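Structure record follows, encoded as structure tokens.
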Amino acid sequence: MSKHLFTVTSLNTYVKSLLSNEPTLQNITLKGEVSNLRKYSNGQYYFTLKDDKSRIQAVMFSNAIYSLTFNLEDGQEIIVTGDVSLYAQAGTYQIIVTSAMQSGLGNKLLELEKLKKKLYGEGLFDEQRKKPLPQFPQVIALITGANSAAEKDLIENLTRRNPLIKILVFNALVQGEKAPEDLIRALNQSKTFKPDLLIIGRGGGSIEDLWAFNDEQLVREIAAYPYPVIAAIGHEIDFTLVDYVADARVSTPTGAAELAVIDKVEIQQHLMNREDSIRRSLTLLLQSHIEKLGNYAKRPALINPLLTYEKYEERLINLRSNLSNFYPRYLNEIEQNITVYGDKLPNLLNERLRNYSELLDKLNLGLRSLGPNKVLKRGYAYIQNEHGEVLTSVDQVNISDIVQIRLHDGKIIVSVKGKE
């Protein structure tokens, strides 16, 4: 017999703790068919998940039920995520479901994730490629469902915020298999009107309702759209690939209108503030000029201009008098200098010429004493070959060469008999 005696409650509590503390059994993904579904008024679902051989009890609480994107019914094949636990009172183990999706949708979500990674790798979701929204758009294009609540909200809020905005509406299917093609048609049609801004949107719905906005071709068309795009699809928790590729994303059509257009009240307030600022600046400028004019008015020239005129007239008369006295004296001094220097100038020139003549004679005498004839007269001579070249070395002649010996009064022609 076991040494430890359990009660039923303690055993169930112990087993529950084992299951709850086993990481492998937490946050698991489980696929099965829904059966025996019971929906209680307290916001809890109880049902059985089964396959062809086994079954397990399941429970969903209100927070998990709120996140469902489809209506849970018996017979549906679903994929759930949750934690394995034990309901201690009944001694039955179960899975506490935290999220659920339809089985077929699970495969679609896997494909969507692959597409998302592919487009992300191509840079379609990069912030650097996104276009800035215009501050004051004049023409806004809307792509949304015909006569939808989203269309009504967008038009009402855009018009309320700025009634001068021109709104172009391009209706298209926003869910179903043909929706992507119709949305692309509306995109191409809107481009021809060259809007300042495009808003593409619809109201909330299940993930299946919003699936058209995950279409690859639609995403690429929006990426290539030449004007800024705001995506307003679903609610805050809904994200599609169009949300990632758009230049801006908001959770509701109303939010799109608020992002796209500045409220006229804000513009009016801004203009009033600018008017007050300009008025204050002009007042200060006017006061400054008035003060300057007051200072100018205190100047003597403006207080009594005749007195100022007489003062400057007197100065002008004095200047004229000084000039009339100065120039005769100045001219007289110049004439006296010309007379004095005119008498001395011939003597100065003659003396200067005599000095230069004596210097020239001395230089000429020196040059003559250094001339070649003077040297030859002292008994010197120089020798030339038959070509008239002066010889300075015995190596320049050979035996029997004819050379000329130049003296101061002539030359002697000789033949070389030998060299030493």
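No lab work stands behind these numbers, since they all come straight from the coordinates. The shown structure was predicted, so the numbers you read here are calculated from the model rather than taken from an experiment. Glycine gets a Cβ as well: all are built from the backbone with ideal geometry, and neighbour counts include every protein chain shown.
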Whole-number D in µm² s⁻¹ for the range 122-262, Kirkwood Cα-pair radius fed into Stokes-Einstein, 20 °C, 1.002 mPa s:
147 µm²/s
On a 0 to 90 degree scale, rounded to 10, what angle separates helix 103-121 from the longest Cα axis of the chain?
0 degrees
If I model a spin label as a point 7 Å beyond the Cα along the Cα-Cβ vector, how far apart are those points for LEU293 and GLU314 in nm?
3.3 nm
Could you tell me the relative contact order of the range 375-415? Use alpha-carbon pairs under 8 Å, at least six residues apart, and round to a whole percent.
40 percent
Debye, to nearest 20: dipole size of the chain, +1 on Lys, Arg Cβ, -1 on Asp, Glu Cβ:
1800 debye
Using 0.36 nm per residue, how much length does the chain from LEU37 to ILE167 gain when fully extended, once their Cα-Cα distance is taken away?
41.9 nm
Linear extension gain, LEU391 paired with ILE413, 0.36 nm per residue minus alpha-carbon span
6.5 nm
Please list, in order along the range 5-15, the HN-Hα scalar couplings obtained from phi with the Karplus expression 6.51 cos²θ - 1.76 cosθ + 1.60 (θ = phi - 60°), rounded to whole Hz, x for Gly and Pro.
9, 8, 8, 4, 5, 5, 5, 4, 5, 5, 5
State the answer as a single residue: which of VAL390, SER400, TYR380 lies farthest towards the positive end of the charge dipole of the range 375-415, with beta carbon charges of +1 for Lys and Arg and -1 for Asp and Glu, about the Cα centre.
TYR380
Local net charge near VAL261, Cβ-Cβ under 14 Å (Lys/Arg +1, Asp/Glu -1)
-2
Across the range 157-165, in residue order, what do the Karplus-derived ³J(HN,Hα) couplings come to in whole Hz, using 6.51 cos²θ - 1.76 cosθ + 1.60 with θ = phi - 60° and x for Gly and Pro?
6, 5, 5, 5, 6, 7, x, 7, 5
Within the P(r) computed for the range 8-103, what percentage of the Cα pairs occupies the region above 22 Å?
27 percent
Rounded to whole Å, √(5λ) for the Cα gyration tensor eigenvalues of the range 220-298, largest first, gives 53, 14, 8
Hull surface divided by four, with the convex hull built on the Cα atoms of the range 117-200: how many nm²?
6.9 nm²
If one compares the long axis through the Cα atoms of helix 179-191 with the longest principal axis of the Cα atoms of the chain, the angle in degrees, nearest 10, works out at 30 degrees
Helix 264-297 sits at what angle to the longest principal axis of the chain, using alpha carbons and giving 0 to 90 degrees rounded to 10?
30 degrees
Compare the peptides 347-359, 214-226, 40-52 by average per-residue count of other Cβ atoms within 10 angstrom and give them in order, highest first.
214-226, 40-52, 347-359
The long-range amide H neighbours of LEU86, using H built 1.01 Å from N in the peptide plane and a cut-off of under 5 Å, are GLN94
With label points set 7 Å from each Cα along the Cα-to-Cβ direction at GLN336 and THR98, the distance between them in nm comes to 12.2 nm
For the chain, the percent of all C-alpha pairs falling in each 20 Å bin, from 0 up to the bin holding the max distance, is 15, 21, 14, 9, 8, 15, 13, 5, 0
For GLY203, distant residues with modelled amide H under 5 Å away
ALA150, GLY234
Full extension between SER54 and ASN347 adds, at 0.36 nm per residue less the Cα distance, a length in nm of 90.6 nm
Lysine pairs, Cα distance under 21 Å, 8 or more residues apart or cross-chain: how many in the range 305-420?
4
